[in-house]
Amino acid sequence: AELYRELSRHPGLSAACLGPDVTTQYGGKYCSLYTEWSQRDLARAENVKFCRQYLIFHDGASIVYSGPAGTCSELKDELLSRESPSGALKAVLRKVPGKEKEKEKQFLEVWDQNRKVKSIDLTALDKHGSVYDDDQFGCLAWSHSETHLLYVAEKKRPKAESFFQSKAPELGTSDEDAGHPGKDDAPLKGEQFVYHEDWGEALSTRSVPVLCALDIEGSSVSVLEGVPEHLSPGQAFWSPGDTGVVFVGWWHEPFRLGLRHCTNRRSALFYVDLTGGRCELLSEDTRAVWSPRLSPDCCRIVYLENDALGPHQQCSRLRMYDWYTKHTSTVLEAVPRQAWGAFPGIYCGALPGLCWAADSRRLVLDTAQRSQQDVFVVDTVTGATTSLTADAPQGSWSVLTIDRDILVARFSTPSCPPTGLDFDAILLRPSEGPAAQKSPLVVMPHGGPHSVFTAGWMLYPAALCRMGFAVLLVNYRGSLGFGQDSVASLPGNVGTQDVRDVQLCVERVLQEESLDGSRVALVGGSHGGFLACHLLGQFPDTYHACVVRNPVVNIASMVAATDIPDWCLTETGLPYAPDTLPDPAQWTEMLCKSPMRYVDRVRAPVLLMLGEDDRRVPPKQGLEYYRALKARGVPTRLLWYPGNNHALAGVEAEADGFMNMALWLLKHLR
């Protein structure tokens, strides 16, 4: 517990913003760097956010000196914040707890360098529902004139009442006089139990987003018109000249599929004109696009593009739209095979919010390159790429922002460098311990399956190493960072190819390293849990304990309950369409690729951790495995976490999960 408490205090850097340049009396320049961090507070059982300021002295070509300025301070109830283009103003979306029985309110504030100059009660204006603060739809964008703010909120839903509503208006008053809705806003009878679709895991309160604009001077909010009814808008910003709004629109017909970590949902780039309400398509409408970024000269928009459907994460294309010529070009294609020394391809959830260099020609991005994460400069005219971290320490580099060609990046690394096989694995070894004693091994395949472990800081592996365990992080074929061919090789081969890759890694490491082959355990979540359960059954002599978090155990029973039914068919190797109804042979195929097929061979003790609110891999998956193991006499324990979804990322659940995992491994690997 003390070890976890110590390591969990390490904060994570989440955002950075550079202030305007200040020229000193001696001709030197400096600017402020504002950073936001997140840290687990175990006493309060929550993640706390805090800010820290730095000063950066530069000569226009290089950094002369940089260092912290002052101490950290906690950020309270900030949902979103954004500096204006000039740096003179800052917008903050803040939640404020309601008094007594009042519901929580949302305020949009504007600050200058000295004080708060505006505070607008968005809840009281009642133009829309809650403002979106997620990174899927959400935005807080300043107009170029700095007179308006753009954001995304839930569409105001008409009030509903029972067919047998008995409440009557007060005598002597009309609806309007009593402050009740008028005829246009009259409650809809019999509508209170109508089902409203949402966007799935971690987006269960997102259903019908709308674009909203705040006139700062007039303190008025308007919901923008012109967005087609079949689209859900998000990731919006003001067009050049503030004549309209550019946004990404996701198709939500015939029904919504889970969107979190799914960069394969049909979507396109659109422009809506503010004067006439005309909506114009700016990209192809048969692909999946996201993360549009406008160049500093307001001439070009770059965005990421994938094929619609297929694997949820892929090697992406970088596309560019010229605002004035209306021409779209491909800057970077998907990379079939990754080769050392060459650009690996783009594998990222989003481009940095500010990614353009000052010349409006080059941009910077970070991407997985096998088992590390590197930063590249891309020339959007020639398509040439240059690694900025080729000669830097190996690890995980992430771009936070770039402004006036000052680049701010985040870097972390585990205590040991990665070791390579045909695909990659990262082996972390304890730095201390008796020389004569061989360390036990914890094998951790990642989830996804199309994601990647990079050589950066991770709490659980670091803590396990400090406890004396070696940890093997496996990037099996199908992981990001190795080319699109690697991604495409896995669908249709889950349960065999990925399982064999992990087992090959384990056997090679046990042969080549001084580790205790009689004390090997598995830890995995989601698809990593799928692999852990497969390995327990397919190779029961290798593993002696297992901990799984929200594992996929039966694809056939998951397909009708998950927010991503397309995943079940795609990864099984079957075609998906919204009207898909699997036939008996396809049900059989899904079951055959599932860990439940091998449950009779499992002998190692299993600890299951399930999130009650998991929409991605519903907890009935874990319960199904739990009952099957109990019926077969396998030592099994189940932890059930209310209020937690697929990630089990609540501070209390994360800490409790670590403690139970650690004690389970210590007990069964003695």
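The values are calculated or read from the model by the stated rules, or taken from the named source; none is laboratory data. Just so we're clear, the structure is a prediction, and the values are computed from it rather than from any experiment. Here the Cβ is made from the backbone with ideal geometry for all residues, glycine too, and neighbour counts use every protein chain on show. Remember, those area values only see protein heavy atoms, side chains included, never the ligands or the DNA or RNA. Shrake-Rupley method; radii C 1.70, N 1.55, O 1.52, S 1.80 Å.
Some points to look at:
- Inter-centroid distance (Cα atoms) of segment 247-315 relative to segment 457-494, Å: 29
- Entry note, the chain: the mean residue ellipticity at 222 nm calculated from DSSP H runs of n ≥ 4, each adding -39500 (n - 2.57), is -4500 deg cm²/dmol after division by the residues and rounding to the nearest 500.
- Based on alpha-carbon atoms, the Kirkwood radius and the radius of gyration of segment 542-619 give Rg/Rh equal to 1.01.
- Debye intensity ratio in log₁₀ form over the Cα atoms of segment 232-389, taken at each q of 0.13, 0.16, 0.21 Å⁻¹: -0.60, -0.91, -1.46
- Note on segment 641-656 and segment 109-157: Cα centroid distance 30 Å, given to the nearest whole angstrom.
- Proximal aspartates and glutamates to Lys49, defined as alpha-carbon separation beneath 16 angstrom and excluding residues fewer than eight positions away on the same chain: Glu36, Asp41, Glu74, Asp77, Glu78, Asp133, Asp134
- Pairwise Cα distances in segment 436-583 exceed 17 Å in 62 percent of cases.
- The eigenvalues of the Cα gyration tensor, multiplied by 5 and square-rooted, give segment 196-297 an equivalent ellipsoid with semi-axes of 24, 17, 13 Å from largest to smallest.
- The Cα atoms of segment 334-492 define a convex hull whose projected area, averaged across directions, is 10.6 nm².
- The chymotrypsin sites (Phe, Trp or Tyr not before Pro) of segment 187-274 that meet both conditions, a loop assignment by DSSP and at most 13 other Cβ atoms within 10 Å of the site Cβ, are Phe193, Tyr195, Phe255.
- Note on Leu42 and Arg278: their simple-model spin labels are 6.1 nm apart, each label 7 Å out from Cα toward Cβ.
- Cross-link partners for Lys155 among the lysines, with Cα-Cα distance under 26 Å and sequence neighbours closer than 8 places in the same chain left out: Lys90, Lys95, Lys99, Lys101, Lys103, Lys105, Lys118, Lys127, Lys183, Lys189.
- Count Lys and Arg as plus one, Asp and Glu as minus one, and take only other residues whose Cβ is under 13 Å from that of Thr496; the net charge is then 0.
- Heavy-atom accessible area per residue - the chain, 1.4 Å, Å²: 45
- Convex hull projection area averaged over all views, segment 229-277, Cα basis, nm²: 3.9
- Per residue, the convex hull volume that the Cα atoms of the chain enclose (Å³): 190
- Hydrodynamic radius of segment 299-365 per Kirkwood, over alpha carbon pairs, in Å: 13.2
- Using all pairs of distinct alpha-carbon atoms, the Kirkwood hydrodynamic radius of segment 554-670 works out to 15.7 angstrom.
- Signed unit charges on C-beta, dipole axis of the chain, positive-most listed residue Pro440, Trp199, Ala628: Pro440
- Percent of C-alpha pairs per 10 Å bin, segment 13-172, short to long: 8, 28, 30, 18, 9, 4, 2, 1
- With eigenvalues of the C-alpha gyration tensor scaled by 5 and rooted, segment 1-76, Å: 33, 12, 9
- The convex hull built on the alpha-carbon positions of segment 180-233 has an orientation-averaged projected area of 6.4 nm².
- In plain terms, the chain from Trp640 to Ala339 could stretch by 104.0 nm, reckoned as 0.36 nm per residue minus the Cα-Cα distance.
- Rg over Rh [alpha-carbon atoms, Kirkwood Rh] for segment 350-409: 0.95
- Annotation note: GluC sites (Glu not before Pro) in segment 6-103 located in DSSP loop regions with a Cβ neighbour count of at most 11 within 10 Å are Glu100, Glu102.
- Kirkwood-type radius of segment 444-519, with distances r between different C-alpha atoms, in Å: 13.6
- Each Lys and Arg adds +1 at its Cβ and each Asp and Glu adds -1 at its Cβ; summed about the Cα centre, segment 283-342 shows a dipole of about 120 debye.
- Selection among Gln53, Gly98, Thr454 by position relative to the dipole of the chain gives Thr454 as farthest towards the positive end (Cβ unit charges, Cα centre).
- In degrees, nearest ten, helix 620-631 long axis to first principal axis of the chain (Cα): 20
- Working from label points 7 Å from Cα in the Cα-to-Cβ sense, the Ala560 to Asn660 distance is 2.8 nm.
- Taking Cα atoms only, the orientation of helix 497-512 departs from the longest principal axis of the chain by about 60 degrees.
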